[in-house]
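Participant: To start, I am sharing the structure in question, which I have written as structure tokens.
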Amino acid sequence: MIRDLVVEITDFMAKLPRITPWLVNDHEPPPDTEHLQTPLELGEYKQFSMCINCMLCYSACPVYGIEQDFLGPALIALAQRYNLDSRDEGAHERIEVLTAPEGVWACTFVGECSRACPKGVDPAGAIQRAKLAAATQSLKSFLLPWGTR
Amino acid sequence: MTGPTGYTEFRQRLYRPRVPLLWWLRQRSYLVFVVRELSSVAVGWSVVFLLLAARSIMRGPDAYRQFLEWGARPWMVLINLIALAFVVFHAVTWFNLAPRAIVVNLRGRRLPAGVVAGVHFGAWVVASAIVAWLVVG
């Protein structure tokens, strides 16, 4: 926060395209149909879609203050928003960015980002879930190298 | 993005507040976080102590007796008591955070955070009971 209602968003915007913040789906339904979701499927990602880009989580995060390359809480929560969306198939594209040194592993789980969030998004939880997903993926590819991605 | 000068391509200088060296003293939550990270040293020491115990057992009764005498010295007991306090703090804070990372859906409902944490604490109690039974019983 620079001043009230003046938010430094330049770095966030520059890093934004790296997490592919849109639905990736090569199997689009026909144009005249809707892609329906159950309440459970919606509930999986809805929390992470409530971000208003206020950058309070970036102000609260000491890792972002020290490591300028860190993607940051809101961006990783946004990546998780799409990863957890049943209509999306781009998780394997995002995992490359999320597991890079400046991605989820830079987070040391201070947890202050989630406390600062006015919308209850819980970016810290999103980052830990992304870590667990990445670790599970690595273990799977190690144990089952012939399996699908 | 910025170049080495800190300016963007639009000649706008980014605002990057400096993080003071003692940032972790500014808030209680930051301090708790740093203590939790530092408690990893105590966890590491506990593992080393356990490995030393295992090595002394492998070397025979004399070596094991020497290890027990070394471990019973007042300063060693003090170190291990401090380490135990840090290990318990580390485990409790870590298990409390586990539900944030582990999301389990059962029959269309998300398992409450208390249950996920409770399973961790329960497993801890069971593992401790087994170890206590092996050592004492």
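Participant: Rounded to the nearest 0.05, what FRET efficiency do B:ARG65 and B:VAL43 have when you use their Cβ-Cβ distance and R0 = 35 Å?
Facilitator: That gives a FRET efficiency of 0.80.
Participant: If R₀ is 51 angstrom, what is the calculated FRET efficiency for the pair A:ASN25 and B:ALA129, using the beta carbon separation as r and rounding to 0.05?
Facilitator: 0.55
Participant: Where does region B:27-136 land on Rg/Rh, using Cα atoms and the Kirkwood Rh?
Facilitator: 1.10
Participant: Just how large is the dipole of chain B about the Cα centre, in debye to the nearest 20, putting +1 at every Lys and Arg Cβ and -1 at every Asp and Glu Cβ?
Facilitator: Working: 15 positive and 4 negative charges, 135 e Å.
For chain B, the charge dipole is close to 640 debye.
Participant: Still on this model: Quick one: accessible area per residue over the protein assembly as shown, 1.4 Å probe, rounded to a whole number of Å²?
Facilitator: Ligands and nucleic acids excluded, the figure is 65 Å² per residue.
Participant: Suppose each label sits 7 Å from its Cα in the direction of the beta carbon; what would the B:ALA54-A:MET13 distance come out to in nanometres?
Facilitator: The answer from the label model is 5.6 nm.
Participant: For the protein assembly as shown, just give the cysteines left without a disulfide-compatible partner, judged by no other Cys Cβ under 4.7 Å.
Facilitator: By the Cβ distance rule, which asks for a partner under 4.7 Å, the isolated cysteines are A:CYS51, A:CYS54, A:CYS61, A:CYS107, A:CYS117.
Participant: Any idea of A:ILE95's accessible area? Nearest 10 Å², probe 1.4 Å.
Facilitator: Roughly 40 Å² of A:ILE95 is accessible to a 1.4 Å probe.
Participant: Moving to a separate point now. Just the number, please: carbon plus sulfur as a percent of the accessible area of region A:38-136, 1.4 Å probe, no ligands or DNA/RNA counted. All intermediate terms of the calculation are to be shown ahead of the outcome.
Facilitator: Numbers: 2250 of 3960 Å².
Here carbon and sulfur together make up 57 percent of the probe-accessible area.
Participant: Follow-up question, since we're still on this one. Could you rank the peptides A:125-136, B:97-108 by their average count of other C-beta atoms within 10 Å per residue, with the highest value first?
Facilitator: Per-residue mean Cβ counts within 10 Å order the peptides as A:125-136, B:97-108.
Participant: Provide a whole-number value for the mean count of partner chain Cβ atoms within 10 Å of the Cβ atoms in peptide B:23-34. Display every interim value, and only then the final one.
Facilitator: On the way: counts 3, 2, 0, 1, 5, 0, 5, 5, 0, 2, 6, 3.
The per-residue average across the peptide is 3.
Participant: Looking only at other chains, what is the average number of their beta-carbon atoms within 10 angstrom of each beta-carbon in A:129-142?
Facilitator: Average per residue, whole number: 1.
Participant: Go ahead and estimate [θ] at 222 nm for the protein assembly as shown from helices alone: -39,500 (n - 2.57) per DSSP H run with n ≥ 4, summed, over the residue count, rounded to 500.
Facilitator: -18500 deg cm²/dmol
Participant: Quick check: the angle from helix A:73-83's long axis to the longest principal axis of chain A, C-alpha only, nearest 10 degrees?
Facilitator: The two axes meet at around 10 degrees.
Participant: Taking all protein chains together and a probe of 1.4 Å, list A:THR20, A:THR99 from the most accessible to the least accessible.
Facilitator: Of A:THR20, A:THR99, the descending order of accessible area is A:THR99, A:THR20.
Participant: I would also like to ask the following. Can you check what the Kirkwood hydrodynamic radius comes to for region A:42-130, Cα pairs only, in Å to one decimal?
Facilitator: Its Kirkwood hydrodynamic radius stands at 12.8 Å.
Participant: Separation between the B:ARG28 and A:ILE52 pseudo-spin-labels, each 7 Å from Cα along Cα→Cβ, expressed in nm?
Facilitator: The modelled label-to-label distance comes out at 2.7 nm.
Participant: Separate question: Under 8 Å for C-alpha pairs, at least 6 residues apart: give me the relative contact order for chain A, rounded to a whole percent.
Facilitator: Worked out over chain A, it gives 27 percent.
Participant: Modelling each spin label as a point 7 Å along the Cα-to-Cβ direction, I'd like the B:VAL104/A:LEU143 distance in nm, to one decimal.
Facilitator: Each label point lies 7 Å from its Cα, and together they span 1.7 nm.
Participant: Less than 16 Å apart at the alpha-carbon level, and either on another chain or at least 8 residues along: which aspartates and glutamates does that give for A:LYS140?
Facilitator: A:GLU96
Participant: Per residue, how big is the convex hull of the protein assembly as shown when only Cα atoms are used? Give it in Å³.
Facilitator: 220 Å³
Participant: Using the membrane-span-like helix rule (whole DSSP H runs, Cα extent along the own axis of at least 18 Å, mean Kyte-Doolittle hydropathy at least 1.0), which helices of chain B qualify?
Facilitator: B:28-58, B:74-101, B:113-136
The values are calculated or read from the model by the stated rules, or taken from the named source; none is laboratory data. As the structure is a computational prediction, the values presented were derived from the model and not from experiment. Note that we place each Cβ from the backbone using ideal geometry, even for glycine, and neighbour counts take in every protein chain shown. What goes into the accessible areas is simple: the full protein's heavy atoms, side chains included, and nothing from ligands, DNA or RNA. Shrake-Rupley method; radii C 1.70, N 1.55, O 1.52, S 1.80 Å.
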